[in-house]
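Q: Can you keep this structure in mind? I'll have questions shortly.
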């Protein structure tokens, strides 16, 4: 499963998630034991890259690494001190390798998926840690692997997720434990202490489905679907900041999709799961007691980064990336292009917005991992 596929795919394919989601989620193998040390044959990769690039910035975007189409495709995640790359999931399910590098280009942590049953879904860098999410679709199991980048050792977690939707930021992990039948609970793990600690932040009633997890330094956001398999289905969004839970005041009741929480605001999108255009939603920001409508956004693409929010828009000439910050309104930070398209947007350390752009036109097609410094010019 590639990150080129929207985060719409992150939930297990159930009726609760809707038929459209089930069609989007690709099954990948079975069996395996994630508790053992990750293993598998290492795929050939380019020489070890440094964490910075001398390539010039384009529209404020810094090119960190480029792959040609004849190289094994990878994804990246970046901070000022480290960069990590991991293999894209491929047909045939070979082991995926994830490597974290320091600024000198030295490898400081390595992870290998337990192929063929398991594949790597997502990777984060946060608070000096590498976090890798591996999934076994057939067994409906998820495991997080956390590595201390200073020591190069694996850090055991006090609890593991039961669902594939996970978020990591500012030294915190957020995910879901339990099942819909028994009752799902929100879990937050703090990686900033000498040992990880976990906190259960509320549970849903049996039958409800929690998802769309996002986490910030002092915030947590999540969706809840009640009566998911009935005509009374209702999906609502909740933001928790400073120990206070706020239910998002949706423009259309029960049609919330996902929510992102920032430094002083939160943003969300709304879409009817029965809509023939499920990929396009309406976006909103709540800031300083007021709601600002963002217009059409690609469903589930809004991410918080610093004091702003960023998302994809399917424009007439290809996808573009827009952003919103207090006092600035909506601006375009990456114009639409017919030649390339972004994969999933991510943010690290509340500053570095990043994605891989895939060139889709021309004889010398390339993949480029680029970073946008949202703090530049402040």
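Q: Check residue 313 against each of (1) part of a strand (DSSP E or B); (2) loosely packed, with under 14 Cβ neighbours inside 10 Å and name the one condition it does not meet.
A: Of everything listed in (1) part of a strand (DSSP E or B); (2) loosely packed, with under 14 Cβ neighbours inside 10 Å, residue 313 misses just condition (2).
Q: Between 282, 226, 252, which is within 21 Å of the chain's Cα centre (by Cα) and surrounded by fewer than 21 Cβ atoms within 10 Å (Cβ to Cβ)?
A: Details: 226 fails: within 21 Å of the chain's Cα centre (by Cα); 252 fails: within 21 Å of the chain's Cα centre (by Cα).
Matching residue, one of 282, 226, 252: 282.
Q: Something else: Taking the condition assigned to a loop (DSSP other than H, G, I, E, B) and buried (at least 21 other Cβ atoms within 10 Å of the Cβ), does residue 300 pass? Step through it out loud before you land on a result.
A: On the way: assigned to a loop (DSSP other than H, G, I, E, B): yes; buried (at least 21 other Cβ atoms within 10 Å of the Cβ): yes.
Yes: the conditions hold for residue 300.
Q: Here's another thing I want to ask about it. Report yes if some residue within region 112-120 is in contact with a strand residue (DSSP E or B) (Cβ under 7 Å, 6 or more places away or on another chain), in contact (Cβ under 8 Å) with a residue 60 or more places away in the chain, farther than 24 Å from residue 213 by Cα and not in a loop (DSSP other than H, G, I, E, B); otherwise report no.
A: Yes, the conditions are met somewhere in region 112-120.
Q: Return a yes/no flag: does region 188-209 have any residue that is buried (at least 19 other Cβ atoms within 10 Å of the Cβ), under 23 Å from residue 249 (Cα atoms) and within 17 Å of the chain's Cα centre (by Cα).
A: Within region 188-209, not a single residue is buried (at least 19 other Cβ atoms within 10 Å of the Cβ), under 23 Å from residue 249 (Cα atoms) and within 17 Å of the chain's Cα centre (by Cα).
Q: Take the residues of region 317-334 that are over 20 Å from the mean Cα position of the chain (by Cα) and more than 16 Å from residue 360 (Cα to Cα): which is surrounded by the fewest Cβ atoms within 10 Å (Cβ to Cβ)?
A: Restricting attention to region 317-334, the residues satisfying the condition of being over 20 Å from the mean Cα position of the chain (by Cα) are 317-318, 325-332.
Applying the additional criterion that residues be more than 16 Å from residue 360 (Cα to Cα) yields 325-332.
Numbers: 325: 20, 326: 15, 327: 6, 328: 10, 329: 11, 330: 17, 331: 10, 332: 13.
Ranking the candidates gives 327 first.
Q: Quick one: would you say residue 98 is surrounded by fewer than 18 Cβ atoms within 10 Å (Cβ to Cβ) and modelled with pLDDT of 95 or more? Write out each step before concluding.
A: On the way: surrounded by fewer than 18 Cβ atoms within 10 Å (Cβ to Cβ): no; modelled with pLDDT of 95 or more: yes.
No, not satisfied.
Q: Select from region 259-279 the residues that are crowded, with 19+ Cβ neighbours inside 10 Å, without any contact (Cβ under 8 Å) to a residue 60 or more places away in the chain and either assigned to a loop (DSSP other than H, G, I, E, B) or touching a helix residue (DSSP H, G or I) at 6+ places or on another chain (Cβ under 6 Å) (or both) and list them in ascending order.
A: 262, 271
Q: Going by what's in this entry, would residue 237 be described as surrounded by 15 or more Cβ atoms within 10 Å (Cβ to Cβ), on the phi < 0 side of the Ramachandran plot and assigned to a loop (DSSP other than H, G, I, E, B)? It would help to see each step written out before you state the result.
A: Values: surrounded by 15 or more Cβ atoms within 10 Å (Cβ to Cβ): yes; on the phi < 0 side of the Ramachandran plot: yes; assigned to a loop (DSSP other than H, G, I, E, B): no.
Considered against the rule, which asks whether it is surrounded by 15 or more Cβ atoms within 10 Å (Cβ to Cβ), on the phi < 0 side of the Ramachandran plot and assigned to a loop (DSSP other than H, G, I, E, B), residue 237 comes out as no.
Q: Here is a follow-up. Since residue 174 meets every condition but one in (1) under 22 Å from residue 243 (Cα atoms); (2) surrounded by fewer than 20 Cβ atoms within 10 Å (Cβ to Cβ), which condition does it not meet?
A: Checking residue 174 against (1) under 22 Å from residue 243 (Cα atoms); (2) surrounded by fewer than 20 Cβ atoms within 10 Å (Cβ to Cβ), the one that fails is (2).
Q: Which residue pairs have Cβ atoms under 8 Å apart, sit 6 or more places apart or on different chains, and have a first residue in region 314-325 that is at positive phi and a second that is not in a strand (DSSP E or B)?
A: Final answer for the pair search is 318/336; 318/337; 318/338; 318/339.
Q: Something else now. Within region 138-157, take every residue that is surrounded by 20 or more Cβ atoms within 10 Å (Cβ to Cβ) and under 18 Å from the mean Cα position of the chain (by Cα) and give me the one that is farthest from residue 196 (Cα to Cα).
A: 142
Q: While we're here: Which residue, of 180, 232, 194, is assigned to a loop (DSSP other than H, G, I, E, B) and within 25 Å of residue 78 (Cα to Cα)?
A: Details: 180 fails: within 25 Å of residue 78 (Cα to Cα); 232 fails: within 25 Å of residue 78 (Cα to Cα).
Every option except 194 fails the conditions.
Q: Scan region 229-237 and give yes if some residue there is touching a residue at least 24 places away in the same chain (Cβ under 8 Å) and in contact with a helix residue (DSSP H, G or I) (Cβ under 8 Å, 6 or more places away or on another chain), otherwise no.
A: Within region 229-237 (the criterion being touching a residue at least 24 places away in the same chain (Cβ under 8 Å) and in contact with a helix residue (DSSP H, G or I) (Cβ under 8 Å, 6 or more places away or on another chain)), the answer is yes, since at least one residue qualifies.
Q: Same structure, new question: For region 280-298, what are the residues that are without any contact (Cβ under 8 Å) to a residue 24 or more places away in the chain and on the phi > 0 side of the Ramachandran plot?
A: Once the filter is applied, which keeps residues that are without any contact (Cβ under 8 Å) to a residue 24 or more places away in the chain and on the phi > 0 side of the Ramachandran plot, region 280-298 yields only 289.
Q: Another question, then. Considering 202, 211, 256, which residue is touching a helix residue (DSSP H, G or I) at 6+ places or on another chain (Cβ under 8 Å), under 26 Å from residue 271 (Cβ atoms) and assigned to a strand (DSSP E or B)?
A: Working: 202 fails: touching a helix residue (DSSP H, G or I) at 6+ places or on another chain (Cβ under 8 Å); 256 fails: touching a helix residue (DSSP H, G or I) at 6+ places or on another chain (Cβ under 8 Å).
Exactly one of 202, 211, 256 is touching a helix residue (DSSP H, G or I) at 6+ places or on another chain (Cβ under 8 Å), under 26 Å from residue 271 (Cβ atoms) and assigned to a strand (DSSP E or B), namely 211.
Q: Does residue 80 satisfy the condition of being out of contact with any helix residue (DSSP H, G or I) (no Cβ under 7 Å at 6 or more places or on another chain), part of a loop (DSSP other than H, G, I, E, B) and at pLDDT 50 or above? Explain how you work it out, then say what you get.
A: On the way: out of contact with any helix residue (DSSP H, G or I) (no Cβ under 7 Å at 6 or more places or on another chain): yes; part of a loop (DSSP other than H, G, I, E, B): yes; at pLDDT 50 or above: yes.
Spelling it out, residue 80 is indeed out of contact with any helix residue (DSSP H, G or I) (no Cβ under 7 Å at 6 or more places or on another chain), part of a loop (DSSP other than H, G, I, E, B) and at pLDDT 50 or above.
Q: Of everything in region 167-177, what is without any contact (Cβ under 8 Å) to a residue 60 or more places away in the chain and either under 15 Å from the mean Cα position of the chain (by Cα) or assigned to a loop (DSSP other than H, G, I, E, B) (or both)? Give them in sequence order. Give the derivation first.
A: Keep residues of region 167-177 that are without any contact (Cβ under 8 Å) to a residue 60 or more places away in the chain, which gives 167-168, 171-177.
Within region 167-177, 167, 168, 171, 172, 173, 174, 175, 176 meet the criteria.
Q: Something else: Those residues that are at negative phi, surrounded by fewer than 22 Cβ atoms within 10 Å (Cβ to Cβ) and either modelled with pLDDT of 95 or more or in a loop (DSSP other than H, G, I, E, B) (or both), I need them from region 353-367; list them, please.
A: Within region 353-367, 360, 361, 363, 364, 365 qualify.
The values are calculated or read from the model by the stated rules, or taken from the named source; none is laboratory data. Just so you know, these numbers come straight off a predicted model, no measurement behind them. So basically every Cβ, Gly included, is an ideal-geometry build from the backbone, and we count neighbours across all protein chains shown.
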